[in-house]
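Some notes on the structure that comes next.
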Amino acid sequence: MMRLLKYGAIALVIMLVVGVIGVFAVLYRFGAALPDVSQLRDYEPPVTTRVYAADGRLLTEFARERRLFVPIEAVPQPVINAFLAAEDKNFYDHSGLDFIGIARAAITNLQNLGSNRRLVGASTITQQVAKNFLLSNEVSYERKIKEAILAFRIEQALEKNRILELYLNEIYLGRGAYGVASAALSYFDKSLPDLTLEEIAYLAALPKAPNNYHPTLRTEAAIDRRNWVLGRMHEDGHIDRDTHDETRAKDLLVAGDGGGREFSADFFNEEVRRELVDLYGFDALYEGGLAVRSTLDPRLQAIAEKAMRDGLVSYDRRHGWRGALAQVDPENWLEELRAQTISPGRRDWRIAAVLDVANDHVSIGFKDETIGRIPFSEMRWARPWLEGQTVGARPNKPSDVVSRGDVIVVGPIEADADSDEDKSIDADGVAQYTLRQIPKAEGALVALDPHTGRVLALVGGFDYANSQFNRATQAKRQPGSAFKPFVYATALDNGFTPSDLILDAPFVIDQGPGLPKWKPANYSRKFYGPSTLRLGVEKSRNLMTVRLAQNVGMDKVADYAERFGIINDLPQTLAMSLGAGETTLLDITTAYAMLVNGGKRVQPSLIDRIQDKRGKTVWKHDTRPCDACKKSIWSLGDVPELQDLREQVIAAGTAYQVVSFLEGVVQRGTGVRVRAVGKPLGGKTGTTNDSFDTWFVGFAPDLAVGVFVGFDNPSSLGSRETGSSVSAPIFRDFMAEALADQPAIPFRIPSGIRLVRVNAKTGMPARPGERNAILEAFQPGTEPTSRRAVLDGSQSGVRSDAADPVGTGGLY
């Protein structure tokens, strides 16, 4: 018996020795080439860059992996409790491995041999950190051994809280969210401290397989898994029975994807992205966790997008129906319609297929298999488009407009303010729609603060999904008459006054051998004789502008164009005075801002401030020094005054004189449609040859706005379309809404300006009781006292063919 015990003991020792040798062999084999865990001490995960509106609302995110890093000290304890209960209840007690869990998983895997079931594990949080940071996702015993070795090493190298911090910021939780902070925003649009218990439990249910517990596609499974986490939290003593039972009974409610937001700002966001790439590069943008406070005003952006889209739709409808977007087989319409990738252009518009054409309506089908109708009353506008932007006869029946199999765009029927009738549903209970058409003409709108250059709203086109080209910043087009105010500003700074007379008469210039004579003309094709500078702007007189530019010199006009940032190196030909050079909407709107702000230089900016992921400010638009601004305690009367460092581009008096001209454009001139806003506004229309480009650029005292409309491939918008008919209504609608709750603020008059009551047509001092009188702004000593000479221009080798004898000589 003793001999057996002796041999047994020897055998046991041998087995232990062999086991130890085996363990060391395994450790040596799998542990020799493993990554160094010390790198995790200083590891900083890639973090999402977030762009915020001026009011703090999130606009967009830029990331390869959407992640917000949160220090473990900032993670609420209920969040930690939930993840520990779900993933590793013994986290603070083990040394990297949970041996009881491993044994349980091993037994399960042995039982499942030959069943083709996926291997199960009992990974601790430390093991998951090892896998996520240092290994692949391969499912094998070899990887599990490496994972275990690394888990031991990590536990030796890092504190428990650091391990947990890495885990909670790294794990993928679905919806493109990495880490608990990002997931909280993605699923519930909340920060971690604001999460409820049921929301916390749901997030803790996701690490194993987020897609298996999708909140809307697999709601029942998601709630079951969430309730399982709540049960574990109760078992571990984190919540009591009443809290457990109450929370289990709650529904799973998640936030939407932002589709309910009243604006999109896609063009603005892309412009910010480009600027950030220029400043810091791609890696910092997509991994650096920058916090970017932009200049965008969400209220103005929503107004801008609506005004721009409504204006383009209004123009498009005037010029007829261009036909269906595509055709599908009526017998296989659903499958073919679902294959269409065309964006409808607006959130409330939908792509549909025509299923049947009746005498008084059209039946349509949608991608979600629902059906609807378009009553003929909602199609009557669809006169056929003809060459030259004209239209054909009005349709008499639905078949004049569409056919079976046509792919079209429809939208909700707009409510009639004068009727209580609900037109969205017909008598049969079928949803009704109106026929829509994606505009072919494109446009842009920019609104900025004229005192700082902060871009408050920016729309670069009708639909970002269909075209990412930004017509506000990337499209260089001829501004036409919208450039004229800067010709007149040049003249006012070079000896002219608002009441000086310029001859409005035929103008011919010899362009040289082999070239035709250049004969500019007014839009009306009429001549108006001697007219004041003011009338030249208000009525947008081309012939007056050319004569004026020739007199002051195109070199000076080119200098002013560059000063205002409109066009650099403007060719010094007289055609440029009529806006034949090319600029962007943002540049010329900024130039108008410099007129209304008193002639001060501003640079357009889309970003107010940039902070790195630690909260340190690394860039500011406003660079004025202000040590007193850093005080933590303020008292009344102790507010610091900041120095105005803006360069004076032109004299404040000259700037105001042009502003006064442009206010006249709205009151009496080509921009009279804008007068309906009922607030002090100024601005200028612009239309290029054959109506290729139409503009309206203008301002209120504290808001500068520019609008452009034209085709991407330049062509005529129609023989009767101008800046007054296309762009001015968009400007008007924007300003009416933007200023709706604002008081009527008059334009600010700088010191030194004298306001003189003059005849609006002649510019001479008005007689008592004269009706056609206005207040004109003059520099001191330039007020009119008697009749003045008339600038004819013939002194400089330019022939005047005016029938009026006043145009036969030099200056009169």
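The values are calculated or read from the model by the stated rules, or taken from the named source; none is laboratory data. Predicted model only: the values in this text are computed from it and were never measured. No Cβ is skipped: glycine too gets one built from the backbone with ideal geometry, and neighbour counts run over all protein chains shown. Heads up: the accessible areas ignore ligands, DNA and RNA and are worked out on the full protein's heavy atoms, side chains in. Shrake-Rupley method; radii C 1.70, N 1.55, O 1.52, S 1.80 Å.
Results for (1) within 29 Å of the chain's Cα centre (by Cα); (2) more than 30 Å from residue 736 (Cα to Cα); (3) touching a residue at least 40 places away in the same chain (Cβ under 8 Å), shown as yes or no for each residue.
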position: 301; (1), (2), (3): yes, no, yes
position: 340; (1), (2), (3): yes, yes, yes
position: 346; (1), (2), (3): yes, no, yes
position: 370; (1), (2), (3): no, yes, yes
position: 373; (1), (2), (3): no, yes, yes
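When the range 345-364 is examined, which residues are found to be in contact with a Gly (Cβ under 8 Å, 6 or more places away or on another chain) and open to solvent by less than 70 Å² (accessible area, probe 1.4 Å)?
Listed by number, the residues that qualify are 346, 349, 352, 353, 354, 355, 363, 364.
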Could you give me the residue pairs with C-beta distances under 9 Å whose first residue belongs to the range 148-163 and is more than 20 Å from residue 71 (Cβ to Cβ), whose second residue is of a type in the set (Val, Ile, Thr) and open to solvent by 50 Å² or more (accessible area, probe 1.4 Å) wherever it lies, and which are 6+ apart or on separate chains?
148/102; 149/26
Do the conditions hold for residue 66, that is, is it at pLDDT below 90, open to solvent by 30 Å² or more (accessible area, probe 1.4 Å) and either over 29 Å from residue 276 (Cα atoms) or out of contact with any helix residue (DSSP H, G or I) (no Cβ under 9 Å at 6 or more places or on another chain) (or both)?
no
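When the residues of the range 515-538 are narrowed to those that are of a type in the set (A, V, I, L, M, F, W, C) and open to solvent by 50 Å² or more (accessible area, probe 1.4 Å), which ends up farthest from the chain's Cα centre (by Cα)? Step through it out loud before you land on a result.
Step one: of the range 515-538, the residues of a type in the set (A, V, I, L, M, F, W, C) are 515, 518, 521, 527, 533, 535, 537.
After this cut, where a residue has to be open to solvent by 50 Å² or more (accessible area, probe 1.4 Å) as well, the list is 515, 518, 527.
On the way: 515: 47, 518: 43, 527: 45 Å.
Looking at residues that are of a type in the set (A, V, I, L, M, F, W, C) and open to solvent by 50 Å² or more (accessible area, probe 1.4 Å), I get 515.
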Filter result (of a type in the set (Val, Ile, Thr) and touching a strand residue (DSSP E or B) at 6+ places or on another chain (Cβ under 9 Å)) within the range 59-104
60
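Is it the case that the range 339-349 has a residue that's more than 25 Å from residue 468 (Cα to Cα) and in contact with a Lys or Arg (Cβ under 6 Å, 6 or more places away or on another chain)?
No, the range 339-349 has no match at all.
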Per the filter on the range 490-514, residues outside any loop (DSSP other than H, G, I, E, B) and crowded, with 21+ Cβ neighbours inside 10 Å are 490, 491, 492, 501, 502, 503, 504, 507
When only residues in the range 649-700 that are part of a helix (DSSP H, G or I) and touching an Asp or Glu at 6+ places or on another chain (Cβ under 6 Å) count, which is most open to solvent (accessible area, probe 1.4 Å)?
668
Do we have any residue at all in the range 470-480 that's in a loop (DSSP other than H, G, I, E, B) and either more than 33 Å from the chain's Cα centre (by Cα) or free of Cβ contacts under 8 Å to residues at least 12 places away in the same chain (or both)?
no
Checking residue 541 against (1) under 35 Å from the mean Cα position of the chain (by Cα); (2) open to solvent by 20 Å² or more (accessible area, probe 1.4 Å), which single condition isn't satisfied?
(1)
Is there a residue being open to solvent by 20 Å² or more (accessible area, probe 1.4 Å) and at pLDDT 95 or above anywhere in the range 758-773?
no
Check on residue 286, aromatic (Phe, Trp, Tyr), assigned to a helix (DSSP H, G or I), more than 22 Å from residue 459 (Cα to Cα) and out of contact with any Ser or Thr (no Cβ under 8 Å at 6 or more places or on another chain):
no
Which condition number in (1) open to solvent by 60 Å² or more (accessible area, probe 1.4 Å); (2) touching a residue at least 24 places away in the same chain (Cβ under 8 Å); (3) of a type outside the set (Ser, Thr, Tyr) is the one that residue 425 fails?
(2)
Result of the Cβ filter at 7 Å on the range 726-743, keeping first residues that are touching a residue at least 12 places away in the same chain (Cβ under 8 Å) and over 24 Å from residue 389 (Cα atoms) and partners that are open to solvent by less than 70 Å² (accessible area, probe 1.4 Å) and part of a loop (DSSP other than H, G, I, E, B), at least 6 apart or interchain, is 735/681; 739/679
Answer yes if at least one residue in the range 378-388 is free of Cβ contacts under 8 Å to residues at least 24 places away in the same chain and of a type outside the set (Gly, Ala, Ser), and no otherwise.
yes
Please list, ordered by first then second residue, the pairs with beta carbon atoms under 8 Å, 6 or more apart or interchain, first in the range 228-243 and outside any helix (DSSP H, G or I), second of a type in the set (A, V, I, L, M) and surrounded by 12 or more Cβ atoms within 10 Å (Cβ to Cβ).
236/84; 236/85; 238/82; 238/85; 239/197; 239/230; 239/233
For the range 375-469, please list each of the strands (runs of 3 or more DSSP E) lying entirely inside it that holds at least 1 residues being over 24 Å from the mean Cα position of the chain (by Cα).
406-412, 433-436
Residues satisfying the stated conditions in the range 657-686, i.e. closer than 14 Å to residue 488 by Cα and among the hydroxyl-bearing types (Ser, Thr, Tyr):
660
Condition first: at pLDDT below 95 and of a type in the set (D, E, K, R). Now tell me which residues in the range 727-753 satisfy that.
741
Any chance residue 293 is open to solvent by 40 Å² or more (accessible area, probe 1.4 Å), touching an Asp or Glu at 6+ places or on another chain (Cβ under 6 Å) and either part of a helix (DSSP H, G or I) or not small (Gly, Ala, Ser) (or both)
yes
Hey, among 325, 312, which residue is touching a residue at least 60 places away in the same chain (Cβ under 8 Å) and open to solvent by less than 20 Å² (accessible area, probe 1.4 Å)?
312
